[in-house]
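A quick write-up on the structure given underneath.
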Amino acid sequence: MSEVEPPKAEVRKTLTNMPAMETPQSVTHQMMSEDEITRRISKAEEEAKRDYNGYRRKVLAFALVGYIYILFVPMVLVLLMAGSVWFIMQTGHLYGFEIQIVLGLLIALFAYLRALWVPLAPPTGLKLERSDYPELFNLVSELSKQLKIKVDHILVDDQFNAMVVQHPRLGFFGWYENYVVLGLPLMQSLPPQHFMSVLVHEFGHISGNHGKSTAFIYNQRVRLVQLLIAMHQHSQLALVLLSRFYDWYYPRFSSASLVIAREHEKQADLQAIEVTDGSTCGEALSLTEVKGNLLNEVWESIHDSIKENDTPPDLVYFKIGEKLCTAPENKDKSIEKLAEALRRATDSEDSHPSLSERLKLANFSAQRMEAETLYKSLPLEFAPDESAAGVFFGKKLPSIIQYCSDQWFNTNNIQWKSVHLQIQEAANELRELEQKAETQKLSLEELLKVAQLTAVKDGPQSSLPNFEKVLEVAPKNAEARYAVAMILLEREDESGALILKELAEEKQEFGLHACASLRDYYEKKRNHEAFKDLEKLWFEYQSIIALAQQERQRITKSDVIGPHNLSKGTVETIVEILKKHDCIVEAYLYCKLMQYLPDQKFYVLVLVPKNLNIMMKPAYHDLQEKLKLEIQFPGTYTLDLIASDMMWMKDNAATLPNALIYKRQD
């Protein structure tokens, strides 16, 4: 699903949009340098080439270590309890401190086991029933029987994807349910036979027909990440007891098992080839590449309509479905993108083989793998009712389209209205500045404002001449340099990377943004050497991020504050959300001025409830968490429903002009 993004009135990134700071409790546990990870992966590939079966057994044993360690802690607690009880029985005396030790160990054991019972949310989507979708369920039943797997639930969502998710009912203790999650756009873009090939590939991940140990290792990679994320969110006790071990274990297991995971992907492809055929499997892989690019173009056109329309379009997935069953309008552009995908080598850290490797596995000849030849051989055009969605959803397809469209509409409605209003405001303000420029010279601040407003109104690419005018007046202006660099990179102009590198090395304003963007760019381009060269500088910036995050964790009476300076549209969107809640009578909005990363705005939204004595009312705290999800800011922020002892927050805010943004009129 493509969500509406706020317009880029300022080209700065926010702290929350940057790559997460690597910490000992990071759920990805990347506690190794990129160089070390690459070295380990290369070593694993060489070892697997010499003796794949031996290497697989070695990785399987290492995979079991992850589970054994989790059980090691309760085993130690049980042994300590048994030893304490044995000591009491041997001495024949029962002292108070001995009872306390036994009880303490028992409580620790119970708390730890409960911590492992972490809740893992099942996949989301519309649950399908056999009586409504007999064609789909017959296909799934036939494939399940053939591949010897069990499917418990079938869901449909709005993603360009299809997957099988094993959801453990008991957290670490397992008891898995198998969910098949089907993306409507993917099914709209593929003929039935090609969709079946994709489905068989996904089933292959859990079937074990090509080796149960390989399937176990592959799924262990996924399950470990799920478990660590869940513990990070729900159980600090488990994290404290396990994090040090997993800081060491996970990056090593991930590197060691990558070769096995990549082999498992190939085996899943072979499963699809066996059930369908090599030609269908290869065409399905190529179709998802072509149609995925087409879907991005459709989303771009939908987002472009935000300038004229103040509400999102209805039945957006009906329009998407119509487009996805046709060939791309720009044939040459599509062929070039397909050629780029075919040239792309397997990334050293990607568990999926490259497209060209997968096509070779499906016995595609070199001639057939030429981009233009391959493109012309693909079934790009078909009637909507001949797509996989039309065939397998049948008469229920309109209700599926309605469901996915409603999900997208409800997610984006408020943000869409806000963005539309911001674009209208930007157009009006830009018109005033352009009129002023006809009679007098604009200041540097006004030139920068023109560039920012142009980016909001017409998109970043249109604002390049305006930012270049800023640099003619102030060549060292950090925001303009950053904006120009990002626009150039979007145009595949390498000179943008040089500008970002200069900004990053200066360690001044926008240095952190430049370093983060350059890091993303090198990763996207798979330029591992440049990425590695940037690593030292990136880690130097980590301390700045840590200090900035720490500075934003508390609001005090001594904070230096200033006006929020947000657009009218953004404020009105916030107010519309607050109006829905009768218990809120006033709202104040301001900025806390920062020492670290001062260009990263930190907003404070103070909400005054009807009843100031709210400390014992859980409903208020639930409301606060709900509002944090609903309200969006162009930066980091805190939102506080204040109690009577926090009225100083309101008093501080009231000293600023325009801080009061909402007052309920009863």
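The values are calculated or read from the model by the stated rules, or taken from the named source; none is laboratory data. Keep in mind that this is a model prediction, so the values were computed, not measured. All Cβ positions, even for glycine, are placed from backbone atoms using ideal geometry, and neighbour counts span all protein chains on display. Accessible surface is based on the protein model in full, side chains and every heavy atom, while ligands, DNA and RNA are left aside. Shrake-Rupley method; radii C 1.70, N 1.55, O 1.52, S 1.80 Å.
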Put 646, 89 in order of accessible area, largest first, 1.4 Å probe: what do you get? 89, 646
Listed by chain and number, the lysines with an alpha carbon less than 25 angstrom from that of residue 376, same-chain partners under 8 positions apart left out, are 291, 319, 323, 331, 333, 337, 360
Please compute the per residue accessible area over segment 327-405 with all protein chains in place, 1.4 Å probe, rounded to a whole number of Å². 53 Å²
With labels modelled as points extended 7 Å from the Cα through the Cβ direction, what inter-label distance (nm, one decimal) is found for residue 402 paired with residue 651? 5.6 nm
Rounded to the nearest 0.05, what FRET efficiency do residue 628 and residue 445 give with R0 = 30 Å and r taken as the Cβ-Cβ distance? Could you check? 0.35
Place a point 7 Å from the Cα of residue 299 along the Cα-to-Cβ direction; which residues of segment 136-167 have their backbone N under 19 Å from it? 156-163
Residue 61-residue 350 FRET efficiency (beta carbon distance; Förster radius 30 Å; 0.05 resolution): 0.75
With 24 Å as the limit, write out which pairs from 592/663; 507/536; 148/396 have Cα-Cα distances beyond it, or answer none. 148/396
Out of the total accessible area of segment 290-408 (probe 1.4 Å, heavy atoms of protein only), what percent is carbon and sulfur? 47 percent
Write down the accessible area per residue of segment 529-606 in Å², having rolled a 1.4 Å probe over the full set of protein chains. 49 Å²
20 Å Cα-Cα reach of residue 457 towards lysines, excluding residues that sit fewer than 8 places from it in its own chain: 8, 13, 307, 417, 436, 449, 469, 568
Net length gained if the chain between residue 369 and residue 492 were fully extended (0.36 nm per residue, minus Cα distance): 41.8 nm
